[in-house]
Each structure stands twice: as C-alpha cells, then as structure tokens.
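To keep things clear, I will list the structure first and then write my remarks on it.
The values are calculated or read from the model by the stated rules, or taken from the named source; none is laboratory data. The structure presented is a predicted model; accordingly, all values stated were derived computationally and were not measured. A quick note on method: Cβ atoms are made from the backbone with ideal geometry, for glycine too, and the neighbour counts reach across all protein chains shown.
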Amino acid sequence: MDRGDLVPDEVMIDIVRKRLGENDCHPGFILDGFPRTEPQAAALDMVLAELGHRLDRVLYLRVGIEELVDRLSDRWVCSTCARTYSRRFNPPAPGNRCKYDATVLYQREDDSADAARHRINVYLRDTLPVLDHYRLVGLVTEIDGIGSIEEIQQRILAAIEGDQRAA
C-alpha cells in the first residue's frame with residue numbers, strides 16, 4: 001500500500017463479503033473504492049446475488065490526472081483524530097496543525113507526488129476497466145469532479161437521487 005499498489009483481490013473480496021452480510025447492510029450500503037479490479041467486480045456480482053443485494057448506481061468522478069496528483073499530494077492527516085486537510089480545500093490551523101486538537105499533521109507515504117502518480121497509473125490499468133463492466137448494464141453515472149467540495153457534493157447527491165441533469 002505504501003507504494004500505491006492495491007490490496008490483493010482475495011483479501012478485499014473476503015472483507016466485502018463479510019461486511020455486506022451484516023444486518024445493517026440490508027437496507028442499503030455505499031461502496032467507496034471497491035471494486036477496483038475486474039475480478040473484484042465479478043466476485044462482487046456473485047456476492048450480491050448470494051446475499052440478495054444489487055447495485056443501483058456506480059458513480060465515476062471525472063478529474064484530470066494532474067489535478068488528481070495535486071489533490072493526493074496535498075492531503076495531510078491528523079494522527080490523533082484522523083481528520084484530513086488540504087491547503088486548497090480544507091486548510092489546517094496555523095503551523096500545519098489540526099483545527100480540532102492542535103496535533104501537527106503528517107503526510108502518508110502513499111500521498112507523495114510520485115506515489116500519487118503510481119496510484120493513478122495502477123487505477124488506469126486495473127480500475128478504469130471496471131467501469132466498462134458496469135456500463136454494459138447501465139449503472140455508470142459520470143460526474144464532473146472539478147469544483148468546490150459543495151458543488152461536487154451536490155452533483156453526487158443529485159446522481160444518487162437519480163437526477164442525471166446535475167451530473
């Protein structure tokens with residue numbers, strides 16, 4: 001993970017299978033960052049069928065590569081409360097400190113610019129093809145991922161509620 005590589009499919013599939021089998025998932029759930037490979041997508045389809053669940057929608061936030069590198073390499077984390085900060089979107093307190101507990105923030109190794117570029121290349125190679133898997137069944141909604149946090153949040157909510165015009 002520190003290099004930006006993915007957790008092995010078998011590990012992720014087992015984690016997701018167990019989690020989706022919990023009672024609180026019966027009314028519905030949101031998957032974030034899974035599936036990331038075509039084998040994970042195929043396994044997810046089988047798990048969902050076994051559990052009597054289905055996917056309603058797959059959201060794809062469109063953002064250019066350099067913007068992604070900028071965002072990922074500008075992420076800072078509080079080691080005490082795990083809140084995340086960005087100098088552009090959610091600036092920390094003076095001295096690069098957490099606004100809530102004044103802990104000095106740190107940057108994860110996988111958030112360096114080099115690691116971010118590697119993660120993006122892994123995404124393009126392994127994850128982007130997953131979208132085609134879900135496009136074939138009409139589940140993908142593309143959302144413009146450029147804008148303020150509030151603007152993007154509104155686009156996501158509109159897509160979840162089924163208003164394709166806002167996406």
Discussion item. Take the conditions of a type outside the set (D, E, K, R) and in contact (Cβ under 8 Å) with a residue 12 or more places away in the chain and apply them to MET12. Does it pass?
Written reply: yes
Item to complete: Search region 62-77 for residues that are polar (S, T, N, Q) and pair each with any residue that is assigned to a loop (DSSP other than H, G, I, E, B) when their beta-carbon atoms are under 9 Å apart and the residues are at least 6 apart or on different chains.
Response: SER73/GLN107; SER73/SER112
Discussion item. Filter region 1-33 down to the residues that are hydrophobic (A, V, I, L, M, F, W, C), at pLDDT 90 or above and part of a loop (DSSP other than H, G, I, E, B) and list them by number.
Written reply: PHE29, ILE30, LEU31
Response to the item:
Over region 26-43, the set of residues in contact with a helix residue (DSSP H, G or I) (Cβ under 7 Å, 6 or more places away or on another chain) and over 20 Å from ILE143 (Cα atoms) is THR37, GLU38, PRO39, GLN40, ALA41, ALA43
Worksheet item: Can you tell me which residue in region 113-138 is nearest to ALA41 (Cα to Cα), limited to those that are over 17 Å from the mean Cα position of the chain (by Cα) and in contact (Cβ under 8 Å) with a residue 12 or more places away in the chain?
Response: HIS133
Worksheet item: Out of all the residues in region 39-55, is one or more exposed (fewer than 12 other Cβ atoms within 10 Å of the Cβ) and either part of a strand (DSSP E or B) or within 14 Å of the chain's Cα centre (by Cα) (or both)?
Response: no
Practice prompt. Check GLU151 against each of (1) within 17 Å of VAL63 (Cβ to Cβ); (2) acidic (Asp, Glu); (3) surrounded by 15 or more Cβ atoms within 10 Å (Cβ to Cβ) and name the one condition it does not meet.
Written response: (3)
Worksheet item: Restricting the search to region 15-31, which residues are touching an Asp or Glu at 6+ places or on another chain (Cβ under 9 Å) and surrounded by fewer than 10 Cβ atoms within 10 Å (Cβ to Cβ)?
Response: GLY28
Response to the item:
Restricted to region 56-69 and to residues being in contact with a Leu (Cβ under 9 Å, 6 or more places away or on another chain) and surrounded by fewer than 16 Cβ atoms within 10 Å (Cβ to Cβ), the residue farthest from ARG119 (Cα to Cα) is ASP56
Discussion item. Quick check on region 102-112. Is at least one of its residues more than 25 Å from ASP45 (Cα to Cα), of a type in the set (Lys, Arg) and either in contact with a Gly (Cβ under 8 Å, 6 or more places away or on another chain) or buried (at least 16 other Cβ atoms within 10 Å of the Cβ) (or both)?
Written reply: no
